[in-house]
1. Could you tell me whether region B:93-103 includes any residue that is within 14 Å of chain A (Cβ to nearest Cβ), of a type in the set (Phe, Trp, Tyr) and on the phi < 0 side of the Ramachandran plot?
2. Name the single residue, out of those in region B:187-243 being within 13 Å of chain A (Cβ to nearest Cβ), part of a helix (DSSP H, G or I) and hydrophobic (A, V, I, L, M, F, W, C), that is farthest from B:Lys136 (Cα to Cα).
3. Please tell me if A:Val227 is open to solvent by less than 40 Å² (accessible area, probe 1.4 Å) and closer than 17 Å to A:Ala92 by Cα.
4. Restricting attention to region B:97-107, does a residue exist that is modelled with pLDDT of 90 or more, closer than 15 Å to B:Ile238 by Cα and in contact with an Asp or Glu (Cβ under 7 Å, 6 or more places away or on another chain)?
5. Quick test for you: out of A:Leu289, A:Leu267, A:Leu307, pick the one residue that is open to solvent by less than 80 Å² (accessible area, probe 1.4 Å), out of contact with any Asp or Glu (no Cβ under 9 Å at 6 or more places or on another chain) and within 14 Å of chain B (Cβ to nearest Cβ).
6. Please determine whether any residue of region B:33-50 is within 14 Å of chain A (Cβ to nearest Cβ), over 26 Å from B:Ala247 (Cα atoms) and open to solvent by less than 20 Å² (accessible area, probe 1.4 Å).
7. Of all residues in region A:171-207, which are touching a Ser or Thr at 6+ places or on another chain (Cβ under 8 Å) and under 16 Å from B:Cys194 (Cα atoms)?
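The values are calculated or read from the model by the stated rules, or taken from the named source; none is laboratory data. Computed from a predicted model, the values in this text were never measured in an experiment. Methodologically, a virtual Cβ is constructed for each residue, glycine included, from the backbone with ideal geometry; neighbour enumeration extends over all protein chains shown. These accessible areas exclude ligands, DNA and RNA; they are computed on the full protein's heavy atoms, side chains included. Shrake-Rupley method; radii C 1.70, N 1.55, O 1.52, S 1.80 Å.
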Amino acid sequence: MASSPGKQPAQPELESIVRGNRRSDLVMAGIGMIVLLVAMALLAAVFIDLAVKGWPRLINPDFYINFPSRHPEQAGILSAAVGTTLVMLVTALVAIPLGVAAGVYLEEYAARSWITDVIEINVSNLAGVPSIIYGLLALGLFVHAFGLGETILTAGLVLALLILPVIIVATREAIRSIPLELREAAYGLGADKWQTVRLYVLPAARPGILTGAIVGLARAIGEAAPVITIGALTFIAFLPPPPVQAQPPFINFEWLSSPFTVMPIQLFNWVSRPQAEFHINAAATGVVLMVMTLGMNGLAIYIRYRLRRDAR
Amino acid sequence: MQTLNAMHSKKPDKIPMKNINETVYVTSGADAAAAASNTLRADVKSLSFWYGENRALSSVSMPVWDRKITALIGPSGCGKSTLLRSFNRMHDLYPGNRYDGEIRLYPEDRNLIEMDPGLVRLRVGMVFQKPNPFPKSIFENVAAGLRVRGIHRRAVLDERVEKSLKDAALWNEVKDRMHDSAYSLSGGQQQRLCIARALAPQPDLLLLDEPTSALDPIATAKIEDLLTGLRQSVTVIIVTHNMQQAARISDLTGYMHMGELIEYGDTGELFTNPREKRTSDYITGRFG
């Protein structure tokens, strides 16, 4: 073993090298821990601050079932919460199928050429475009050119556009992480490309794709700028018609063309009122929004954990 | 593209383009008689192959006899895996690869290099170096090839899955846990599962690419036993870096070097009485 021609350092020297390595490991671990704690502490501080300020409203059930009102103690987030839910529904139904399909196409089908390179760079860049620009696009395209109006449908579509790049990139990365052996196994059995993708690649990529989709939706839920740009209302005291009804055909899509508001707009509206009582409402709304976002991220982690475990 | 290819096959440094040697075909009198009574399953005719600019096979010619085990041996980068992966057109999955020559597939006598790769793979099964079961149940893994062929009837699937698992000598170990994940099996069991998966669609030709190189000796012995048992029913081509393995299980052996098939013929003859100096150098361990 010690037959190498280069001179092997003596045992004490080796020990000091090991000690030095261990020391630098500790230093790096310490720095990492501090950085992590600072980030967590900031988030916790914001959350606790909002929760303390909004507490009187948060514990009042009326807050969740009342419409907005000019009396702060009666004002609630019902219409905003319903609006957010319906808008997110549209966003998810549009963005996830489109994003996954685009990701699959780019990763599996598209021939490598300068056109796909340009598309690739553009998709990545789109993720960095300020959200208000999407709002302007939607105002011109959906609201005016297509005549969809200031509706839930328009809001869902603009938020879907906004998170499309996130879902595309997540899908591509999830697909790319599938080991080559798995594809070769499928092709080796005589599977064609679509069978390979549908039966083996997509199921294996599902944890990554779902995580990307939920992280995208969690971003969309907090967006105010594009939704304001398309002309969402800031005060709305009625709900859209329900999507299900007692009479045939039992479902209706009128809600898609209803005016609406969403929680970030409601929050913004209250926080810009001069009366301090409204600021309590704003803080409480902030807590609800954060709980929803963190809840969605938690769900993403849970789904990923479950699917990974099932795959073992 | 190069990196993708590099994952599969170590490329030979340089293939001399000038004098491509004639392969020596070893046949004793008894073998000739056996060969005459035998049918061809495939026939490689001056097959050359390029990874981009890199020539990996130089005019290889080699008959593949029906229901025999044919072993391909040779040092790393000699092209044995490249030749094997030509039989099911695996190279077509990656851009920049090129074939020249023919692999005639019998009984219909068609050049599989010109057939649709998907069609070729429906007839030629493959087992890879690393066990690569799908992240699904044991049953679904074996049924996968049948499902790809549009077979979904439960009774048919049950019967074929059971038969394949028995052929792969795995049935007794998994019959009570068919719906457990394939990843719950050991490495050796996973590889036998992959063999069962390849056998289920009843391929005309079964390719094995160093199937035991990731396994321990006991698991290896089990796989060698089951391959010997398959000899009567399936045509097998196996690439191995283990000469003893080739000697133990194969009927015919081809020795490859730098993309050429140096010597090919009866396993016993090739190992005991090689005609080519390079073959004898390799099998006596002088290099490789």
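1. Checking region B:93-103: at least one residue is within 14 Å of chain A (Cβ to nearest Cβ), of a type in the set (Phe, Trp, Tyr) and on the phi < 0 side of the Ramachandran plot.
2. B:Leu199
3. Judged against the criteria, A:Val227 is a match.
4. no
5. After ruling out the rest, the residue left standing is A:Leu307.
6. no
7. A:Arg183, A:Ala186, A:Tyr187
Residues are listed down the side, and each one gets a yes or a no for (1) crowded, with 19+ Cβ neighbours inside 10 Å; (2) touching a residue at least 12 places away in the same chain (Cβ under 8 Å):
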residue	(1), (2)
B:Asp92	no, yes
B:Arg110	no, no
B:Asp116	no, no
B:Gly125	yes, yes
B:Ala143	yes, yes
